[in-house]
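Only the coordinates and a few stated rules stand behind these numbers; no lab work does. For clarity, every value in this text was computed on a predicted model and none was experimentally measured. Cβ placement follows ideal geometry from the backbone for every residue including glycine, while neighbour counts extend to all protein chains displayed.
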2 protein chains.
Amino acid sequence: MGAKADQRRLFGSAMKILTLLFGRRLANREYQDRKIGWVAGVPAMGLDGLGSSSYGPEAALTVLIPLGAASLYHVGWVIAPIVGLLAILYLSYRQTLLAYPSNGGAYTVARENLGKGGGLLAAAALMIDYVLNVAVGISAGVGALTSSYPALHPYTLWLCLGILALVAAANLRGTREAGWLFAVPTYVFLCSFIGIIGYGLVQLHLSGGAPTPVVAPRPLPPATETLSLWLLLRAFAAGCTAMTGVEAVSNGVDAFKEPVLRQARATLTVICLSLGMLLAGVALLAQGYQIGAMDQTQPGYQSIMSQLVSAIAGRGPLYYVAMTSLLAILCLSANTSFVAFPRICRLVALDDYLPRSFAVSDRRLVFSVGVIFLTITGGALLVLFDGITDRLIPLFAIGAFLTFTISQIGMIVHWRRVGRQGRRLAMNALGAATTLIALAIIIVAKFSEGAWIVMLAMPLTIVLLLSVHRYYARVERRLSVAGKFRIEEREAPTVLVAYEERNRMTDRALGFALTLSPDVVAVHLLRLRDPEAEEDLARIRDVFAREIAAPVEAAGMTPPRLMFLRAAYRQMSGPLIELVEKIDAAAPGRSVAILVPERVHRHWWERLLHGRRARQLRAALMAQAGPRLMIVTAPWRG
Amino acid sequence: MGAKADQRRLFGSAMKILTLLFGRRLANREYQDRKIGWVAGVPAMGLDGLGSSSYGPEAALTVLIPLGAASLYHVGWVIAPIVGLLAILYLSYRQTLLAYPSNGGAYTVARENLGKGGGLLAAAALMIDYVLNVAVGISAGVGALTSSYPALHPYTLWLCLGILALVAAANLRGTREAGWLFAVPTYVFLCSFIGIIGYGLVQLHLSGGAPTPVVAPRPLPPATETLSLWLLLRAFAAGCTAMTGVEAVSNGVDAFKEPVLRQARATLTVICLSLGMLLAGVALLAQGYQIGAMDQTQPGYQSIMSQLVSAIAGRGPLYYVAMTSLLAILCLSANTSFVAFPRICRLVALDDYLPRSFAVSDRRLVFSVGVIFLTITGGALLVLFDGITDRLIPLFAIGAFLTFTISQIGMIVHWRRVGRQGRRLAMNALGAATTLIALAIIIVAKFSEGAWIVMLAMPLTIVLLLSVHRYYARVERRLSVAGKFRIEEREAPTVLVAYEERNRMTDRALGFALTLSPDVVAVHLLRLRDPEAEEDLARIRDVFAREIAAPVEAAGMTPPRLMFLRAAYRQMSGPLIELVEKIDAAAPGRSVAILVPERVHRHWWERLLHGRRARQLRAALMAQAGPRLMIVTAPWRG
């Protein structure tokens, strides 16, 4: 079996490279083994949400800087509604998971309950949000990294792209691999921060509300503005970024193993509970330790989290462990997009609103087209903004809150439809109302900062999705056929064989051709390579007649004919197509097959030595083929 | 015929772009119209030679700088032998053209008279020399340009690549177009410099050898060295770069129209005569006007030519016209390579020492593979050396003189063979002896400056050429077949049709299949896209039996069968190849055809919406195909 081994070698070596990069290919029956539980689910889907716990309060307090020390007094008014909203969202998503255990994402819920329009709105909002999250998440993480290690600053873009490549590669191996790969920083982060904040809260209680910081935070600047409702609303809108990523579990449900509902709910619970505790803890402790936001553009800037951990636990090893895990979480928050985005795209593609390749699972059972699309668009945003996507942050929460709202409204319709109008409906109605109000506040507060871009991108995306759908519908109509199969021809086709000189390859091709039809014509093209070439036509004709046609006739079969065609432009396709048209005209309705012997290369460099005539001919014939043309390739391994 | 127009639209628009860039395609019968006379031949092939007239004397005088004013006294000792050598070369190449009127290049002459080894040595030397000439010629021209306009200096590499692109594009249109395009600077250069030098010589004569310069050249520096033979030899070796390009006409003979011999000889005469006059004139006038070489690294540097023209004609408009034409000639001297290199490669490829694509003339009747290869290698050298290829100049004359010598020795053998031992043989013997001596001097004088690189590259190139030849010989052996055509099978093959669901495309494919064989199997692959997909097998089976198999049977034909295959890895090729192997085992010696319906796209963006499954399947089947497999494509225009 040496020949067979050899014939698969080239094919095999390409596969080996893929295996090395992304792991061995997985069989369909391994699909169930690829599912994850909540332990891997939290790092896979929760990094965006958990990372938010750091930049949500920071964003809110930054808006409140002009209030000076008073900002801390009022931060409660901002964080408390956010935590409340989080609780409502948590409870509503629990319900959604119960109602749609196979997929509880906003797209599914909206499409089922609000129709096509609602589904597309949710899909567009989610898709835009997840693309933004990749760019913003990575660049925010790298921004935090370079502000800790300023020497890295010149490499910002490369660091961003490196992390993007890491996350993309992990997800091309599979959600499971990504989950386990990122589990360590996630759980280190959760343990250290919950520990530190818990300890801080105990200190706060013991000290009667005025604990002594280990490292004193910088005193707050004097107030430059007085409290206004507008300021509070803007702080609330800014803080709402803390909530993005909460919907990821509902979009990623089909990644979970059985019992799916329990695993998904456990993941959601861990994420929301941690996020809530962190948000509330940070708000309380910031008040207690008198920690306010600093101006990022000033030297000596420290984030709220850094000040907080220093104040509670000092600058020991614990500080560095905690802050490193936070950095890692921020950098990797893009992973949430990589888990949720391909799954949404798959659902949208299954409904023919996106190219169908988004719904195809690859050799690793991953929807790799979605992963690659996300990598390219996220990477393009990073390159475009040179790795600094601050300006995209205002765009960020809109998509999330829009999908929250749509999903809640969908659930209201759902409960009414199934006739359950009690507690569940009330919960979703409350959720819808609050997220709608939050959405309105966010849009108003952030409109001029760039929210309008999202408001513009959304309808454009929907138009794109609709035109894809229209295209597929048109193709479907063209392909559809009714009634019984019609036999349009019975006679074997004329088979034209590309023929230069007699050799093993043309012998094989003619042998094939004779099994297909008694009407075989070997076509020799004159002056194909060289306009000045003198060809020995008499010899070619004689060899054909004596060595090929005669023995075939002697065996009682119709012998093939030889035909010379002038290749006036040194191309095969033109004269062949003209010949096909002539044959068509002579015998309408009968097919013509063009048989092209094609060499199979054993090594990549053989391509350089043989040219691409067979392939180019095939492509040109395809492009010009009429309705009755077949192209037959006879592979020859020389 | 709207459908046919439509079906060729996409193919046509690609052609339109090509036409716009490189002109309409040319028919074989237009080949003769593409030939050129001597008027276009001089700019096409002579730019390297003519440009040499400026940098040959400059190079020689630069070596002599340490002699101070005495350098001018001795320059005659250097230039006179060079002009003598040129005369000998001219006369010998005239003879060569007579003896080999279809191609008098060193490769042909050496192969015919000195055997394979001599031919390959000449080919390697020429090929290396022409690649070097592209990089060195362009960068020398751009160097002269940026020293005149220092503001352009930062764009050196881009200017080099721009000129390379211009010359390459002109030659992809055709040698004829390149010749006419570059005719203006060439003839402006010839007229202005021959005029200026002639006028200068008259002044020199009238003034009794001491003319008054219009613009006085800078006084010569004091001597720092005394005359030595070694210095003179080095100056001679440096000055010999003036001779490169003289062989180009012999390599480009087939570009000339009838009478070929007369056109080629006229071109050679114009080039050699102009070059000789310029060299001799510059040497005499440099002595008369006391013009020496300046150190290029010092500020205020001026080339010999610039000083000379200033001294004779002042700094009026004529100066600028002359110097601009010289600049243009230098920049465009790469054109000589673009004319000669593809033609040599064609000859070498026709003998199977280079990939055969080098011998294929493209839609413009150009050997475009050679042009593109030269562009890429020349461009790579330019990029590698950042557009400053001074260090490559020492490598430059070796290849030229080696081919001179080989060609002369070949001619000696030729005259002996044809029995003419008189004047002609003596002339070539003289040529061989002198060029061999010059070659020895050049190698010795330049060895440490980099000549060793060429001495190393040459055998490597020859080894490469030989291994290409060995490869083709092996392929030839494998392909060769003796005796009568053997009919190995008579029965129609089993035809497997890739089948997903019934539609117009599969109807067409099954219709085709039924004309090819009574043994047709529609193969449906299970869970091909989605490992979790639930497929309605009963429905698919029922539709097939009722709507397809039944009517075919009713028409008295063997109905196709439907088969389900499990695509365990979501790939079509694996299960199909396994099925083919099973069929092979059951009926050995009988072929199997796999018929794949493939959509023909009307617009480029349709690719994005359809995936590449048919192509990927074809590629995988090709890679894994056994000896009895055909792949049939049924193009479908949906």
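For this structure, a couple of remarks:
- With its label point put 7 Å out from Cα toward Cβ, B:K582 sits 4.5 nm from the same residue's point in the other copies, in order from shortest.
- For q = 0.11, 0.13, 0.21 Å⁻¹, Debye-computed log10 I/I(0) when each Cα of segment B:478-632 counts as one equal scatterer: -0.49, -0.67, -1.50
- Cα→Cβ-extended label distance, 7 Å offset, between A:R420 and A:E535, nm: 7.8
- Mean Cα-pair separation over length for chain A, i.e. relative contact order, pairs under 8 Å, 6 or more apart, %: 20
- Cα centroid of segment B:29-65 to Cα centroid of segment A:570-607, whole Å: 45
- Cα-derived Rg to Rh of chain B, Kirkwood definition: 1.15
- All C-alpha pair distances within segment B:540-636, sorted into 10 Å bins from zero, spread as 13, 33, 38, 15, 1 percent across the bins.
- Sequence-distant residues sharing a close amide H with B:L496 (under 5 Å, placed H): B:V521, B:A593, B:I594, B:L595
- Whole-Hz Karplus values for segment A:204-221 come out as 4, 5, 4, 7, x, x, 9, x, 8, x, 5, 10, 5, x, 5, x, 6, x Hz, taken residue by residue from phi with 6.51 cos²θ - 1.76 cosθ + 1.60 and θ = phi - 60°; glycine and proline positions read x.
- DSSP-defined antiparallel bridges as percent of all bridges, the protein assembly as shown, nearest 5: 5
- Average beta carbon contacts from partner chains per residue of A:469-480, 10 Å cutoff: 3
- Label point distance in nm, A:K16-A:R478, each placed 7 Å from Cα along Cα→Cβ: 4.3
- With all pairs of different C-alpha atoms in the average, the Kirkwood value for the hydrodynamic radius of segment A:237-373 is 18.0 Å.
- For chain A, a crude dipole built from +1 on the beta carbon of Lys and Arg and -1 on the beta carbon of Asp and Glu, taken about the Cα centre, is about 1580 debye to the nearest 20.
- Shape of segment A:402-548, Cα gyration tensor, a/c cut at 1.5: prolate
- Residues whose placed amide H lies under 5 Å from that of A:L565, excluding near-sequence neighbours: A:H524, A:L525, A:L526
- Least to most buried among A:D129, A:D584 (fewest other Cβ within 10 Å first): A:D584, A:D129
- Once Rg and the Kirkwood radius are both taken over the C-alpha atoms of segment B:345-464, their ratio Rg/Rh works out to 1.06.
- Both radii come from the Cα set of the protein assembly as shown: Rg as radius of gyration, Rh as Kirkwood radius; their ratio Rg/Rh reads 1.07.
- Set of lysines near B:K257 by C-alpha distance (under 19 Å), chain-local residues within fewer than 8 positions excluded: B:K35
- Restriction of the trypsin sites (Lys or Arg not before Pro) in segment A:24-88 to DSSP coil positions whose beta-carbon has at most 15 other beta-carbons within 10 angstrom yields A:R24.
- Cα gyration tensor category, rounded, prolate or oblate, for segment A:151-203 with a/c compared to 1.5: oblate
- For A:404-415, mean number of other protein chain Cβ atoms within 10 Å: 0
- Spatially proximal aspartates and glutamates relative to A:K116 (Cα-Cα < 18 Å; intrachain offsets below 8 disregarded): A:D351, A:D352
- Cα-based shape type of segment A:465-551, given that a ≥ b ≥ c are square roots of the gyration tensor eigenvalues and the cut on a/c is 1.5: oblate
- Alpha-carbon centroids, segment B:322-381 and segment A:222-300: separation in whole Å: 66
- Counting beta carbons within 10 Å around each of A:W77, A:W636 and listing the fewest first gives the order A:W77, A:W636.
- Dipole-positive endmost among B:I412, B:G143, B:T62 within segment B:32-469 (Cβ charges, Cα centre): B:I412
- Max-minus-min Cα coordinates of segment B:119-194 on each principal axis give 46, 29, 28 Å, with the largest extent listed first.
- In order along segment B:178-188, the phi-based Karplus estimate (6.51 cos²θ - 1.76 cosθ + 1.60, θ = phi - 60°) of 3J(HN,Hα) comes to 4, x, 5, 4, 9, 5, 4, x, 4, 6, 4 Hz; Gly and Pro are listed as x.
- Its alpha carbons give segment B:351-393 an Rg and a Dmax of 13.7, 38 Å.
- Fewest-first ranking of A:V596, B:V309, using other Cβ atoms within 10 Å as the exposure measure: A:V596, B:V309
- Under 20 Å of direct C-alpha separation, and excluding same-chain neighbours fewer than eight residues apart, A:K582 reaches these aspartates and glutamates: A:E488, A:E489, A:E491, A:D519, B:D6.
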